[in-house]
1. Specify which of the listed residues (Ala76, Ala126, Ala154) is surrounded by fewer than 21 Cβ atoms within 10 Å (Cβ to Cβ) and within 29 Å of Leu239 (Cα to Cα).
2. Any chance you could count how many residues in the stretch 22-41 are surrounded by 16 or more Cβ atoms within 10 Å (Cβ to Cβ), more than 15 Å from Val11 (Cβ to Cβ) and of a type in the set (Gly, Ala, Ser)?
3. Where in the stretch 135-215 are there helices (runs of 4 or more DSSP H), lying fully within it, with 3 or more residues that are in the same structural domain as Leu61 (by TED's automatic domain parsing) and among the β-branched types (Val, Ile, Thr)?
4. Taking the stated definitions as given, is Pro92 of a type outside the set (S, T, N, Q) and touching a strand residue (DSSP E or B) at 6+ places or on another chain (Cβ under 6 Å)?
5. Could you say whether any residue in the stretch 203-224 is surrounded by fewer than 15 Cβ atoms within 10 Å (Cβ to Cβ), closer than 24 Å to Val63 by Cα, without any contact (Cβ under 8 Å) to a residue 12 or more places away in the chain and not basic (Lys, Arg)?
6. Find all pairs meeting these conditions: Cβ atoms under 9 angstrom apart; at least six residues apart or on different chains; first residue within the stretch 58-72 and small (Gly, Ala, Ser); second residue buried (at least 17 other Cβ atoms within 10 Å of the Cβ).
7. Filtering the stretch 114-134 down to residues that are part of a loop (DSSP other than H, G, I, E, B) and either among the hydrophobic types (A, V, I, L, M, F, W, C) or in contact with a helix residue (DSSP H, G or I) (Cβ under 6 Å, 6 or more places away or on another chain) (or both), which residue is nearest to Arg242 (Cα to Cα)?
8. Out of the residues in the stretch 57-113 that are part of a loop (DSSP other than H, G, I, E, B) and of a type in the set (Ser, Thr, Tyr), which is modelled with the lowest pLDDT?
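The values are calculated or read from the model by the stated rules, or taken from the named source; none is laboratory data. What you see is a predicted model; the values in this text were computed from it and never measured. Cβ atoms come from the backbone with ideal geometry, glycine included; neighbour counts cover every protein chain shown.
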Amino acid sequence: MLDHVTAVRYVTPLREGGSMPGVVEGSDLGTYVVKFRGAGQGLKVLVAEVVVGELARHLGLPVPRMVTIELPPAIARYEADEEVQDLLNASPGTNLGIDLLPGSLGYDGSRPPTPELASRILWLDAFTANVDRTWSNPNLLTWHRETWLIDHGAALYFHHAWPSKEPNSERFAQQPFRADDHVLGGIATDLAGAHAALAPLVTAELVGEVLDKVPDEWLETTDHLPDAPAVRAAYSAHLLGRVATPQAWLPGGAS
């Protein structure tokens, strides 16, 4: 499981995104960007953040540390902003905290990553079907002159169909990924090499370890997926099925 801390003070909202995450101080003296369970996008966004973020970490890509963060109901009591207060009141319990990188800047291309790192980032996005890393929304930070990955809630789109449809890992495995608008598309010159380096690391053991970091209460059950183990098994089948068929989704194919 992820480390667990308790929120002790809500600091400020971050209004750049639609979900309005907020900066929160934790009981461990850390400062976190919190993605709230009560935001309109729902719990599946938090699942995608953890799964893709932790996959990235295990694959050696730079991502901020994540924790689960307990939000006490009383934390909204002294918040003057009505919109923020409503969000906090809708989010007591376990939320997602992402380590705040102090002094980091939004990626603007002035300090691009190496072609090797760019290729590995694009590979991860193609593998997890993350369509939200374009110039209009890079979801990258520059910190200490290095490129860091953030915001993976738009990935793993297949789980949004689960309430109405039976999981279909074969269909996801065959879905192509268009890299035309990817923010690193002009730098990522060796996707085949990235696949050769990273795909062997995406084993059933790794996927299981990553999925175990997702709290049971975030895994939404359905008629087809009646409990948390069934939901985890569906995620695992989708990810392992996709990594085994790169010819379907990897831009440029894989050798």
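1. Ala154
2. Result for the stretch 22-41: 2.
3. By residue number, no helices (runs of 4 or more DSSP H) qualify.
4. Yes.
5. yes
6. Gly60/Arg120; Gly60/Leu198
7. Taking the stretch 114-134 and keeping what is part of a loop (DSSP other than H, G, I, E, B), we get 114, 129-133.
Imposing the further condition that a residue be either among the hydrophobic types (A, V, I, L, M, F, W, C) or in contact with a helix residue (DSSP H, G or I) (Cβ under 6 Å, 6 or more places away or on another chain) (or both) reduces the set to 129, 131, 133.
On the way: Ala129: 10, Val131: 16, Arg133: 20 Å.
Top of the filtered list is Ala129.
8. Per the stated criteria, the residue is Tyr78.
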